[in-house]
Amino acid sequence: METVWLTGAEWLAVLRIGLGLWWLESWRHKDKKGWFERGTGIAWAADVAAGHRWPLVKNGFDKVVRPRPKAMAYIVVYAELALGLGLVVGFLTPVALVGGLLLNLLYLLLMIHDWAEQGQNAMMALISLVALFAMSWQTWSLDGAIGLY
């Protein structure tokens, strides 16, 4: 493959690292005190789920998230941090890509009525798929350096 400036594998690494930085920004801009102490993030998601047009989303939220809001807040916030770090440094990259894809699909499903959120999550999911199937961890990654995959 001929490309400008970088090789194809290097461009895929750039894509992977960019996705990681996107996850880190998502983590950085969250009000952690609000999420952890006041439960604002899960409360917001509960409002969205309660008014969702698909009963499956509300029922799933009520069974999985609502009974354990504090734990779910920590899971969401620190999952975004772990995904971002894993993708930027290229450690356990396939796991991070699949985890990010699943998290984006959950966000997409929850926010199906919000076009702005759909666009962000759809693009992040698409980048995850491309980076996963193109094995973007082969260049500029700890995975590649230690021969993990």
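The values are calculated or read from the model by the stated rules, or taken from the named source; none is laboratory data. None of these values were measured; they are calculated from a predicted model. Note that each Cβ is placed from the backbone with ideal geometry, even for glycine, and that neighbours are counted across all protein chains shown. Ligands, DNA and RNA are stripped out before the accessible areas are found, and what is left, the full protein with its side chains, is counted by its heavy atoms. Shrake-Rupley method; radii C 1.70, N 1.55, O 1.52, S 1.80 Å.
Just going by the charge dipole of the chain, with Lys and Arg at +1 and Asp and Glu at -1 on Cβ, which of ILE42, LEU87, LEU19 is farthest out on the positive end?
Projecting each Cα onto the dipole axis, the largest value belongs to ILE42.
Could you work out which residue, out of GLU37, GLU80, GLU117, moves most in a Gaussian network model of the chain, that is, has the largest mean-square fluctuation with Cα springs under 10 Å?
GLU37
About the Cα centre of the chain, what is the dipole size in debye to 20, counting +1 per Lys and Arg Cβ and -1 per Asp and Glu Cβ, all else neutral? Intermediate results must be reported in sequence, preceding the final value.
Details: 12 positive and 11 negative charges, 137 e Å.
Charge dipole, the chain, about its Cα centre: 660 debye, nearest 20.
If packing is taken as the mean number of other Cβ atoms within 10 Å per residue, what is the order of 142-148, 102-108, highest first?
102-108, 142-148
Which of the peptides 29-36, 126-133, 40-47 is most tightly packed, and how do the rest follow, going by the mean number of other Cβ atoms within 10 Å of each residue? Working shown, then result.
Values: 29-36: 13.8, 126-133: 17.6, 40-47: 16.0.
Listed from highest to lowest mean packing, they are 126-133, 40-47, 29-36.
Residues of segment 4-149: accessible area per residue at 1.4 Å, in Å²?
Per-residue value: 56 Å².
Quick check: the angle from helix 69-89's long axis to the longest principal axis of the chain, C-alpha only, nearest 10 degrees?
Approximately 10 degrees, to the nearest 10.
Only Lys, Arg, Asp and Glu count, each charged at its Cβ (+1, +1, -1, -1), so figure out the dipole size of segment 1-45 about its Cα centre, rounded to 20 debye.
360 debye
Among the lysines in the chain, how many pairs, 8 or more places apart or on different chains, have alpha carbons under 21 Å apart?
The result is 4.
If I model a spin label as a point 7 Å beyond the Cα along the Cα-Cβ vector, how far apart are those points for ALA50 and LYS32 in nm?
Distance between the two pseudo-spin positions: 2.9 nm.
Compute the distance in nm between two label points, each set 7 Å from the Cα along the Cα-to-Cβ direction, one at VAL64 and one at THR7.
3.9 nm
Between PRO69, PRO55, PRO94, which gets the highest mean-square fluctuation from a Gaussian network model of the chain, Cα cutoff 10 Å?
Largest GNM mean-square fluctuation: PRO55.
Please identify, among ALA50, ALA125, ALA96, the residue showing maximal mean-square fluctuation in a Gaussian network model of the chain using a 10 angstrom Cα cutoff.
Greatest mean-square fluctuation among the candidates belongs to ALA50.
Kindly express, to the nearest 10 degrees and within the range 0 to 90, the angle between helix 93-110's C-alpha long axis and the longest C-alpha principal axis of the chain.
Between the helix axis and the principal axis of the chain, the angle is about 30 degrees.
Which of the listed residues, ILE112, ILE146, VAL4, is farthest toward the dipole's positive end in the chain, when Lys, Arg count +1 and Asp, Glu count -1 at the beta-carbon?
ILE112
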